1. Distances longer than 23 Å among the Cα atoms of region 392-485: what percent of all pairs is that?
2. Quick check: the angle from helix 267-279's long axis to the longest principal axis of the chain, C-alpha only, nearest 10 degrees?
3. If eta is 1.567 mPa s and T is 4 °C, what Stokes-Einstein diffusion coefficient results for region 311-419, Kirkwood Rh from Cα pairs, in µm²/s?
4. How large is ³J(HN,Hα), in whole Hz, for each residue of region 204-209 in order, when computed from phi with the Karplus curve 6.51 cos²θ - 1.76 cosθ + 1.60 and θ = phi - 60°, using x for Gly and Pro?
5. Based on DSSP H runs of at least 4 residues, each adding -39500 (n - 2.57), what is the mean residue ellipticity at 222 nm of the chain after dividing by all its residues, to the nearest 500 deg cm²/dmol?
6. Students often forget the sequence filter, so: which aspartates and glutamates lie under 17 Å Cα-Cα from residue 162 once same-chain residues fewer than 8 apart are removed?
7. If Lys and Arg each add +1 and Asp and Glu each add -1, what is the summed charge of the other residues whose beta carbon sits under 12 Å from the beta carbon of residue 207?
8. Could you pull the Rg and Dmax for the chain, using just the Cα atoms, both in Å?
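None of the figures in this text is laboratory data; all of them are computed from the coordinates on show. Keep in mind that this is a model prediction, so the values were computed, not measured. Cβ coordinates were reconstructed from backbone atoms using ideal geometry, including for glycine residues, and neighbour counts include every protein chain displayed.
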Amino acid sequence: MTNVSSINKPSTSGEQNSSQEFDEMNIDLLSYLEKFNPILLNQLYECPTACLAVFRELPSLAQNFVLRLVFIEQPIPQAVVSSWVKSISDYNEAADVLTRLQIWKSTPMQSGLPGRLLNTTFQKSLQTSWLGGGKQRSIFNSLGVDKHRPDIETLDNYSINKRWDSILNFMAGVKLKDYNDNIGEITKKVIFNAGLIETDDNGEIVITASGFQFLLIDISLQIWYFIRKYLELVESFGFNYIECLSFLFELNFLTHGKSYSTDGLSESIQSFLQHLREMGLVYQRKRKDGRFYPTRLMIRLFESVRRNFHLSNMALTQQYNKRQGFIVVETNYRVYAYTESPLQIALLTLFIELNYRFPKFMVGLITRDSVRTAFKNGITAKQITHYLSMHAHPHMYSEKRSTVIPGTIIDQIFLWEQERNRLTYCDGVLYSQFNSQTDYEALRKYAFNLGVILFENSSRRLLVVTPTGHEEVKRFWKKHKKERD
């Protein structure tokens, strides 16, 4: 007699529950576009700058395929294309990316053999982006001398300190009049829609767990996530989704510090430009000036996002140390921050215990309680250590260390996180009450060979298998029992 029942099996694991879920904040351009339906992608590929941006994001082998096919207007045998690489797995990986993005398609040749052909719209637009041609965009119309032309420092201060930091301060709850006055209604609507803040029972605006995570990721990832959430609402503002996304691709390739004309832009794009102005992605002194300046936050945005995905933490840290490092972390868990920014102080106090605060300087301590409080707010150990590394003071960097932050600190933060994840639960099916040890061993051996065992206890004749493996094990058991009887 065998009793079979479904259970939830606890098992020891150091993995975070959150790591098992897809992190929407950390997706690159290609992953975003893969979700588009073919019709929408084809509309987007009518924009040459969009095709150029997509091409730059492709893996190197996929780029190589596109380069070989971009001027060929007839199908190429698939066998010929696959012969360009030695490894069939490398070919399949590159081909899969191009297929998911609708950049090429399988087309039967006259001989009946399978062939590959580039998407005609993508092909023509990519040729235009490289060779020129087509209708000149109105933003490149000649402009007169700007008497109020801002310099690079003014643009950076406007985009980061005045605009983007206003959004982060608003989310973090830093009550500064100069900052909160710059938050427009559209921006607030995007923040709410993204689930970064919410209204509590008392009607007060509070930051959510997603909001905490948002504050700690790199600024380029913040902007890319914010843009995606804005685009979800763009049609409710009366704008065309593809038109706005195409314009963003154009901004990505413009020159920092140079002005561009707004005269030939449609009314909807001019209104869209004002929303980007709220976010600090473009600078425009007055709308009637007829010109705008793209800021550093928007220019080469997709390149910055890609760098965050493909560069090592050490390489990223070296870049950030040059411009904004202000945190020193000692092996005794003491943290020194050379800053007077209310935002940076508010972020640090999310996971450290503040001890002293002086003009342009503060001292805190990383404690088990302070870090566990951050975990309860949805912040992960990886985000804490990443934030500390990205904002580490230049003196923290050493060629002799593999990490900028002392290894003991990093290890301890992860250990504190694992304390909260000692048990994970997964579904399983229990087999018990075997008539003999022989029956138990036969079933156990079969389940083991399938790789579906979650738990076993030979002395008590207990066996737990995965739900996916249950049907196969059940069929085997019925067959075994029939042969035995």
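1. Working: 2170 of 4371 pairs.
Pairs farther apart than 23 Å: 50 percent.
2. 70
3. Values: Rh = 13.9 Å.
Value of D from the Cα-based Kirkwood radius: 93 µm²/s.
4. Calculated HN-Hα couplings, in order: 8, 7, 10, 7, 9, 4 Hz.
5. Numbers: 23 runs with 229 residues, N = 485.
Helix-only estimate at 222 nm: -14000 deg cm²/dmol.
6. 151, 153, 178, 181, 185, 278, 340
7. Details: positive: none; negative: 198, 200, 204.
With Lys, Arg at +1 and Asp, Glu at -1, the net is -3.
8. Rg, Dmax (Cα atoms, Å): 28.2, 97.
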